[in-house]
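In what follows, a structure is listed as structure tokens, so that the remarks can point back to it.
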Amino acid sequence: MENDTQNMLPMTFEDFKQQNGQAYWFASDLKSMLGYTDDKGFKKAMDRAIKTCISLGIDHFKNFMPIEGSDDCKLTRFACYLTVMNGDPKKHEVAAAQVYFAEQTRRFELTFQGADDFERLVIRDELTDSNKSLSAAAAAAGVSDYAKFTNAGYLGMYNMHNYKLASYRGIETKELLNHMGRAELAANLFRTTMTEERIKNFKVKGQAELEKTHFEVGKKVRDFVMEETGKKPEQLPIERPIPEVKKVIKSGYRKMLKEDK
């Protein structure tokens, strides 16, 4: 009778584990566990998980392993963790899986990472790329002082230059972006992207006009942030630095690999 009762218990994440040297899980099994009935929602979560892996500097091919001749793939425990944490928490199964991993990751000395922290990593990388692209567009449009052009955007968005914002927050200027939360990083990504678009679409030329454009876009983003959050951008909370977040996650990753060998 006891065995029958045990057989009737729902299967857990660990029950789906496969072992061939390194432990792995099939993506199709994880999809079912998370309650996804279509590929779109699950693929979105897994794509974001892969981007997170890349942001961490971890080889995603060793964690998201395609199966030749199949749409399925093998996932390490870490890949499952990232996919779960990037899933839709409004889904009951995803929320339950996130709680499970929150408990499990304590064994790996991994401070619980919500989806916001993972998104911070990805958006931070996107912002770095966007700043490079904006720099190239400004250079082509005749910028002569890039520091002043950059600070025009900060002045519009924060009502102060970047070094004053850093002083206001008690951190170094070079660490400003690393301490920003997900929403603030996304707002800055929008600022840089829209400034570049306006420069190109309206053929903005010359230092003065470029600064004016960046300031105006920054001001619009400021107004939007205040409307949506009820806070001025400079009042948004600072988060633990991204390099520290990466260090903790990568340490947990190494412990997970050791656990499943």
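The values are calculated or read from the model by the stated rules, or taken from the named source; none is laboratory data. Because the structure is a prediction, the values reported are computed rather than measured. FYI the Cβ positions are ideal-geometry reconstructions off the backbone, even for glycines, and counts take in every protein chain you see.
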* Asked: Looking at VAL204, is it in the same structural domain as ALA137 (by TED's automatic domain parsing), at pLDDT 95 or above, over 25 Å from THR52 (Cβ atoms) and surrounded by 16 or more Cβ atoms within 10 Å (Cβ to Cβ)?
  -> yes
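In the range 78-133, how many residues are among the hydroxyl-bearing types (Ser, Thr, Tyr) and surrounded by 19 or more Cβ atoms within 10 Å (Cβ to Cβ)?
To start, the set of residues in the range 78-133 that are among the hydroxyl-bearing types (Ser, Thr, Tyr) comprises 81, 83, 100, 105, 111, 128, 130, 133.
After this cut, where a residue has to be surrounded by 19 or more Cβ atoms within 10 Å (Cβ to Cβ) as well, the list is 81, 83, 105, 130.
The number of residues fulfilling the criteria is 4.
Taking the range 186-201 as the search range and keeping residues that are of a type in the set (D, E, K, R) and in contact with a helix residue (DSSP H, G or I) (Cβ under 7 Å, 6 or more places away or on another chain), which one is surrounded by the fewest Cβ atoms within 10 Å (Cβ to Cβ)?
To start, the set of residues in the range 186-201 that are of a type in the set (D, E, K, R) comprises 191, 196-198, 200.
Remaining after also requiring in contact with a helix residue (DSSP H, G or I) (Cβ under 7 Å, 6 or more places away or on another chain): 191, 196, 198, 200.
Working: ARG191: 27, GLU196: 22, ARG198: 17, LYS200: 12.
In this case the residue turns out to be LYS200.
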* Would the range 154-175 turn up any residue that is touching a Gly at 6+ places or on another chain (Cβ under 8 Å), surrounded by fewer than 15 Cβ atoms within 10 Å (Cβ to Cβ), assigned by TED's automatic domain parsing to the domain that holds SER130 and not aromatic (Phe, Trp, Tyr)? -> no
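Filter the range 235-261 down to the residues that are charged (D, E, K, R) and over 21 Å from the mean Cα position of the chain (by Cα) and list them by number. Write out each step before concluding.
Step one: filter the range 235-261 for residues charged (D, E, K, R), giving 239-240, 244, 246-247, 250, 254-255, 258-261.
Matches in the range 235-261: LYS255, LYS258, GLU259, ASP260, LYS261.
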* Asked: Of all residues in the range 29-69, which are part of a helix (DSSP H, G or I), surrounded by fewer than 16 Cβ atoms within 10 Å (Cβ to Cβ) and among the small types (Gly, Ala, Ser)?
  -> SER32
* Asked: Just for the range 150-195: of the residues that are under 22 Å from the mean Cα position of the chain (by Cα) and among the charged types (D, E, K, R), which one is farthest from GLU244 (Cα to Cα)?
  -> ARG191
* **Segments classed as helices (runs of 4 or more DSSP H), wholly inside the range 84-185, with at least 3 members that are of a type in the set (Gly, Ala, Ser) and either closer than 26 Å to SER28 by Cβ or in contact with a helix residue (DSSP H, G or I) (Cβ under 9 Å, 6 or more places away or on another chain) (or both)** => 92-104, 115-140, 146-158
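Restricting attention to the range 54-109, and to residues there that are in contact with a strand residue (DSSP E or B) (Cβ under 8 Å, 6 or more places away or on another chain) and of a type in the set (Ser, Thr, Tyr), which single residue is farthest from PRO243 (Cα to Cα)? Working first, answer last.
Residues of the range 54-109 that are in contact with a strand residue (DSSP E or B) (Cβ under 8 Å, 6 or more places away or on another chain), as a first pass: 63-67, 72-77, 79-80, 83.
Now drop any that are not of a type in the set (Ser, Thr, Tyr), which leaves 76, 83.
Values: THR76: 23, THR83: 21 Å.
Checked the range 54-109; the qualifying residue farthest from PRO243 (Cα to Cα) is THR76.
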